[in-house]
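Asker: Sharing a structure with you now.
The values are calculated or read from the model by the stated rules, or taken from the named source; none is laboratory data. Since the model is a prediction, treat every value here as computed from it, not as a measurement. FYI the Cβ positions are ideal-geometry reconstructions off the backbone, even for glycines, and counts take in every protein chain you see. Note: accessible area is taken over every heavy atom of the protein model, side chains too, but ligands, DNA and RNA are not part of it. Shrake-Rupley method; radii C 1.70, N 1.55, O 1.52, S 1.80 Å.
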Amino acid sequence: MRMRRLRRTEALRALVRETTLEPGDLIYPLFICPGEGVRKAIGSMPGVFNVSVDEAVREAKEAAALGIGGLLLFGLPETKDETGSGAWAEDGIVQQGLRALKASSAAKKLVLIADVCLCEYTSHGHCGMIRQNGEEWEVENDTSVQLLGKTAASLAKAGADVVAPSDMMDGRVLEVRDALEEAGLENTPILSYASKFASAFYGPFREAADSAPQFGDRKTYQMDGANVREAMREIELDLDEGADMILMKPAMPYLDVVRAARDRFDVPMGAYQVSGEYSMLQAAFEKGWLDRDRAILESLVGMRRAGADFVVTYFAKDAAKLLG
């Protein structure tokens with residue numbers, strides 16, 4: 001047996017390739033901010049910007065032309081408060097963005113996914129409501145999920161094709177599903193961040209979304225990175241509560257979790273190549289330590305090979321151009 005026989009030419013390698021990567025497998029995140037003509041560079045994420053609604057429409061048209069599957073939308077409100085009321089406001093920044101995107105020519109070619117969380121909108125930076133318990137502050141669960149349901153319904157009304165709760169509060173998928181049903185939006189799918197780990201790899205995102213916690217951390221609601229079996233329980237609960245798809249976050253340090261989920265659950269599943277993964281690769285490219293084009297595609301193929309049906313990545317446009 002000579003295994004190298006089928007590696008001899010590119011045509012042979014392509015013929016027997018087990019895992020494919022297409023532009024339609026990619027989801028591109030966008031950070032929408034107030035203003036007009038705004039394209040503000042994010043220092044820790046080269047090539048990524050906070051963009052105003054008009055610029056987001058331009059980004060969407062480019063993404064659609066490249067064949068990218070969809071957009072994941074985050075918002076930076078003009079003002080923040082303790083309850084994160086900008087998350088569900090009718091004139092909230094993402095709601096404005098959704099209406100503009102739906103009116104654009106790109107809308108028919110892209111799936112518009114709205115992130116559902118409060119951390120970008122709260123003055124304290126946590127993903128839910130807070131209360132003081134003795135000398136310490138804690139994030140409340142049940143009051144938080146009520147606001148998350150309200151946010152999801154608002155985003156779906158504004159035009160989101162999919163809502164994606166990312167907070168990791170207990171019971172939030174059921175609350176989101178109930179809120180959508182009550183609003184007559186029962187056909188809106190839920191993409192649940194079903195196993196979101198408390199990770200060091202989120203650092204650059206917190207600059208991009210201005211969402212760093214003002215005290216403490218998120219370890220009481222995001223998952224412990226050592227736990228795979230617990231991740232399977234989280235996913236099962238979210239599916240029982242009405243999630244249609246699941247998202248694993250981060251991707252690269254947790255590919256074993258992606259594989260475990262793929263082997264156990266027969267639902268559409270994505271992996272999120274998060275900001276820290278993106279930024280460390282960009283740093284290596286800048287130093288000349290890695291071949292940029294090969295490393296981008298290899299990292300994304302690895303996530304698909306582990307079992308992800310689609311990948312959320314800040315490299316979406318770069319990868320689509322390479323694949324084109």
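Asker: Would you kindly work out the equivalent ellipsoid of segment 233-324 from its C-alpha gyration tensor and give its semi-axes, the square roots of five times the eigenvalues, largest first in whole Å?
Answerer: 28, 12, 11
Asker: Where Rh is the Kirkwood radius over the Cα pairs of segment 255-298, the temperature 37 °C and the viscosity 0.692 mPa s, what D in µm²/s does Stokes-Einstein return?
Answerer: In µm²/s, the coefficient is 266.
Asker: With all pairs of different alpha carbon atoms counted, what Kirkwood hydrodynamic radius in Å does the chain show? Display every interim value, and only then the final one.
Answerer: Numbers: mean 1/r = 0.0497 Å⁻¹.
Final number for the Kirkwood radius of the chain is 20.1 Å.
Asker: Under 5 Å between amide H atoms, partner at least 5 residues away or on a different chain: which partners does ALA194 have, H built in plane at 1.01 Å?
Answerer: Residues meeting the criterion, in which the H sits 1.01 Å from N, are LEU247.
Asker: May I ask for the percentage of alpha-carbon pairs in segment 22-73 that lie more than 19 Å from each other? Before the final figure, lay out the partial values.
Answerer: Numbers: 348 of 1326 pairs.
More than 19 Å apart: 26 percent of the Cα pairs in segment 22-73.
Asker: Further, regarding this structure: Going highest first, how would you order 285-291, 40-46 by mean Cβ packing within 10 Å? Intermediate values should be presented prior to the final figure.
Answerer: On the way: 285-291: 11.6, 40-46: 15.1.
Put in order of decreasing packing, that is 40-46, 285-291.
Asker: Per residue, how many Å² of accessible area does the chain show with a 1.4 Å probe?
Answerer: On a per-residue basis, the chain sits at 46 Å².
Asker: Can I ask one more? Return the percentage of antiparallel bridges among DSSP beta bridges fully within the chain, rounded to the nearest 5 %.
Answerer: 20 percent
Asker: Here's something else I'd like to know. ³J(HN,Hα) across segment 104-115 via Karplus (A = 6.51, B = -1.76, C = 1.60, θ = phi - 60°), whole Hz, x for Gly/Pro?
Answerer: 8, 5, 6, 4, 6, 9, 10, 8, 9, 9, 9, 5
Asker: Among ILE113, ILE68, ILE296, which one moves the most in a GNM of the chain with springs linking Cα atoms closer than 10 Å?
Answerer: ILE296
Asker: Continuing with the same structure: Kirkwood Rh and Cα-based Rg: tell me the resulting Rg over Rh for segment 94-249, rounded to two decimals.
Answerer: My calculation puts Rg/Rh at 0.97.
Asker: Please check: in the Gaussian network model of the chain (C-alpha springs, under 10 Å), which one of VAL258, VAL162, VAL267 has the largest mean-square fluctuation.
Answerer: Among VAL258, VAL162, VAL267, the largest GNM mean-square fluctuation belongs to VAL267.
Asker: Over the Cα atoms of segment 70-116, what Rg and Dmax result, in angstrom?
Answerer: 11.6, 37
Asker: I would also like to ask the following. Once all Cα-Cα distances of segment 55-181 are split into 5 Å bins that start at 0, what whole-number percent is in each one?
Answerer: Pairs per bin, as whole percents: 2, 12, 21, 21, 17, 12, 8, 4, 2, 1, 0.
Asker: Quick one: grab the alpha carbon gyration tensor of segment 180-277, order the square roots of its eigenvalues as a ≥ b ≥ c, and give me rounded if a/c is under 1.5, else prolate or oblate depending on whether a/b is larger than b/c.
Answerer: oblate
Asker: Right, here's the next one. P(r) for segment 1-115, please, calculated from all Cα pair distances in 5 Å bins and given in %.
Answerer: Reading upward from the zero bin: 2, 11, 18, 18, 14, 9, 6, 6, 6, 4, 3, 2, 1, 0.
Asker: Further, regarding this structure: Of the heavy-atom accessible surface of segment 151-190 (probe 1.4 angstrom), what whole percent is carbon and sulfur?
Answerer: Carbon plus sulfur share of accessible area: 40 percent.
Asker: Now, a different point. Over the Cα atoms of segment 148-224, what Rg and Dmax result, in angstrom?
Answerer: Over segment 148-224's Cα set, Rg and Dmax evaluate to 13.9, 39 Å.
Asker: Within 10 Å of each candidate Cβ there may be at most 14 other Cβ atoms; applying that plus a DSSP loop requirement, which GluC sites (Glu not before Pro) in segment 178-278 survive?
Answerer: GLU186
Asker: Quick one: pull the percentage of alpha-carbon pairs in segment 276-324 with a separation above 18 Å.
Answerer: I get 27 percent for the Cα pairs in segment 276-324 exceeding 18 Å.
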